[in-house]
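For reference, the structure discussed in these notes is given below.
The values are calculated or read from the model by the stated rules, or taken from the named source; none is laboratory data. As the structure is a prediction and not an experimental result, all values here were calculated from the model. Cβ placement follows ideal geometry from the backbone for every residue including glycine, while neighbour counts extend to all protein chains displayed. For the accessible areas, the whole protein counts, side chains as well, though only heavy atoms, and no ligand, DNA or RNA atoms are used. Shrake-Rupley method; radii C 1.70, N 1.55, O 1.52, S 1.80 Å.
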Amino acid sequence: MRRWISGILAGGLAVLSTSCAEPAGPSAEAGPLLLTAALPVAAVEAGESVTATFTLQNRGDDSLTLHFPDTCQISWFIRVEGGPIVVPAEGGWGCFQALSDLRLAPGEEKTVSVTVRNGAEGPGVRNLATGRYELYATVSAREAALRSNTVGLIVRSAPDRARQRPLPRR
């Protein structure tokens, strides 16, 4: 009896240890769908801006209709490298709780973009402080859950103008 109970306890601990592991999560591909993130540059200087794009593509031969529980279809995120999400500020987008559909013909894409800058925020522009960031997107449709590749962005500070003054002439 004692051996049987210790066997059950050991088996239960093995199940607990594997069930507490972090799940692999969604991939960038699901069937004919592919979700990608892209940046034209890896770093921006103070005052410069860059536009990130997030693209959902139907690579199949048939049209697809994706059904969503809300109005967020392609949601993008910016987080501190290896850290918390900073955009959106609350960690998640506020989407209308209304069913929505997205139809993609064969080869068709839907792209959303965001412009980021180290400087003043404006319409459609997100301000990021100096640092290292990771950008990615997700799709959470009834038919598929996707997470794009992650792209890195370095936001550099303004150069120190005092150190760049020309030397006085002699």
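Numbers at a glance
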item: Condition met for ARG79 (over 19 Å from GLU134 (Cβ atoms) and either outside any loop (DSSP other than H, G, I, E, B) or at pLDDT 90 or above (or both)); result: no
item: Residues of the range 44-63 satisfying the condition of being out of contact with any Phe, Trp or Tyr (no Cβ under 8 Å at 6 or more places or on another chain), assigned to a strand (DSSP E or B) and open to solvent by less than 30 Å² (accessible area, probe 1.4 Å); result: VAL44, VAL50, THR55, LEU56, ASN58
item: Residue within the range 139-146 that is acidic (Asp, Glu) and surrounded by 13 or more Cβ atoms within 10 Å (Cβ to Cβ) present; result: yes
item: Number of positions in the range 123-138 that are assigned to a strand (DSSP E or B) and open to solvent by 30 Å² or more (accessible area, probe 1.4 Å); result: 5
item: Candidate set from the range 91-135 (those that are free of Cβ contacts under 8 Å to residues at least 60 places away in the same chain and among the basic types (Lys, Arg)); member that is farthest from TRP76 (Cα to Cα); result: ARG103
item: The listed residue being modelled with pLDDT of 90 or more and aliphatic (A, V, I, L, M), out of LEU64, LEU16, LEU9; result: LEU64
